1. Label points 7 Å out from Cα along the Cβ direction at residue A:61 and residue A:199: separation in nm?
2. Residue B:77's amide H: which non-local residues (gap 5+, or another chain) put their own amide H closer than 5 Å, with H modeled 1.01 Å from N in plane and none for Pro or chain starts?
3. What's the local net charge at residue A:185, with K and R +1, D and E -1, over the other residues with C-beta under 12 Å away?
4. Can you list, shortest first and in nm, the gaps between the label point of residue B:114 and those of its counterparts in the other copies, using a point 7 Å from Cα in the C-beta direction?
5. Excluding residues fewer than 8 places away in the same chain, name every one of the lysines whose C-alpha is closer than 18 Å to that of residue A:146.
6. If the limit is 20 Å between Cα atoms, which of B:199/B:227; A:227/B:118; A:104/B:227; A:199/B:104; A:211/A:241; A:199/B:118 go over it?
7. For the protein assembly as shown, restrict the atom set to alpha-carbon positions and state the Rg and Dmax in Å.
8. Name the long-range amide H neighbours of residue A:215: under 5 Å, sequence gap of 5 or more, or other chain; modelled H, no Pro or chain starts.
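Values quoted throughout were computed directly from the atomic coordinates according to the rules given, and no laboratory measurement underlies them. Everything quoted here is computed from the prediction, not taken from an experiment. Note: ideal-geometry Cβ built from the backbone for every residue, glycine included; neighbour counts use all protein chains shown.
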There are 2 protein chains.
Amino acid sequence: MAPTAWIINIGTELTIGRIVNSNGAWLARELTLRGVRVRRIVCVPDDEREVVDVVRQALGSSDIVITTGGLGPTPDDRTAEFIAKALGVELVLHPEALRMVEEKYRAAGLELTEDRVKMAKLPRGARPIPNEVGTAPGIHVEVGGKHLFALPGVPREMEAMFRSYVLRVLEPLLPRLCVVEDGLPVVGVPESTLAPLLKEAQRLCTDCYIKSHPMGEELGRPYIEVKVMASAPTCDEARAKVGRVLEYLRSRVRPG
Amino acid sequence: MAPTAWIINIGTELTIGRIVNSNGAWLARELTLRGVRVRRIVCVPDDEREVVDVVRQALGSSDIVITTGGLGPTPDDRTAEFIAKALGVELVLHPEALRMVEEKYRAAGLELTEDRVKMAKLPRGARPIPNEVGTAPGIHVEVGGKHLFALPGVPREMEAMFRSYVLRVLEPLLPRLCVVEDGLPVVGVPESTLAPLLKEAQRLCTDCYIKSHPMGEELGRPYIEVKVMASAPTCDEARAKVGRVLEYLRSRVRPG
């Protein structure tokens, strides 16, 4: 069975619609292409009750939980505290995390203020994740065979930490699968006319992901992108599955 | 008390990271500026268990639930069915919805196929929402004083339906509040140096939303956008609150 994941993006800037959740999509893509099934991407505000609630739910529902945001030095950055609450453990100053933070600021000629020290406080039992790009360490917790990773909200920091740390930890859990995706643009056919062909295509490959994305107008200017994704032990097999579906659609779609 | 909302964006294209959830951010912004507190934005795949689960949780936790996606004619479009399951009611062919769908296709010279009729099947007790841009009607359910709206995933259709129908229904529930937002770019000050000033600013206006967005690098090239949002019975009062916070920050921030 493929491991499952929840992605939790923490920050009121997301739930007030000030920014679009590009971190969620980036992580979902990276995990999906490695055979992980992402079951939810959840944005929550910087609010204790909401974050504690969703972290608990995520840990109860999936193998991997990745959060982004709330690790910095400002008062709204409280993810470490919320995760500690969700796990029912204390928040403690982690010596290794403190060394990471201290080193960065010292090199910049800045002293360790209370707000900087805060970034080195982790839930008891957690490991700090080195931040190669910024200053706040990430957080890794292993609990009951599940992994929780708290990454920064700044995309460059988050992406670097995912690549250098998260993937390395997850490597042994990932299925030996190759995931392949390809697409077919369909011009001039309403989606409702395409529907029976998509059903038939799904029967040709029951475990393929086949999806039509209407980009134009159903009536008048129909334009649809059909995307097909498949996984298999080898990339050749995965490509063959996708190829069969696209071949079938190409041979049957008749622009009106 | 401000009404609360959950936004649920349905579609495996979101949880595989193929598309970024711009619908979620758009709806969150529209609701926030009208005084609604958005507690969650949740992306779920086209999967019965996941959608039923999150719809139930949303109805149990907030006053307003808005879903997007899954209303079209293709096999993966199953939102009406999932909402019916979540509510514990049957899916029934709605005469008014059927008329809406029939009218659109007839005008285009197309007959009513099974896949087109499907778009007129709603949970028992629901009302269809006219789709001015596309063909699939939306769904409005009132249950226990709460409102659930299922809107299409195509942004233009979703936005039009929100403006012409959802806002009209919500109007009497919205607080008589004006919401104002403004910002301040801060160049050359690390976020950890700004932190104590942000705490002080928050004390000046306890119900303001004050948030720092690090856009540069904490050490080396710090660049932060501080955003301040406030609401009040009148726009003048809301603007005054935001103004006081920005004025304080402007007077205290010293680029290093």
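1. Going by the 7 Å Cα→Cβ label model, 3.0 nm.
2. none
3. 0
4. 6.8
5. Qualifying lysines at Cα under 18 Å: A:85.
6. A:227/B:118; A:104/B:227; A:199/B:104
7. Calculated on Cα positions, Rg and Dmax stand at 24.2, 74 Å.
8. Residues meeting the criterion, in which the H sits 1.01 Å from N, are A:223, A:224, A:225.
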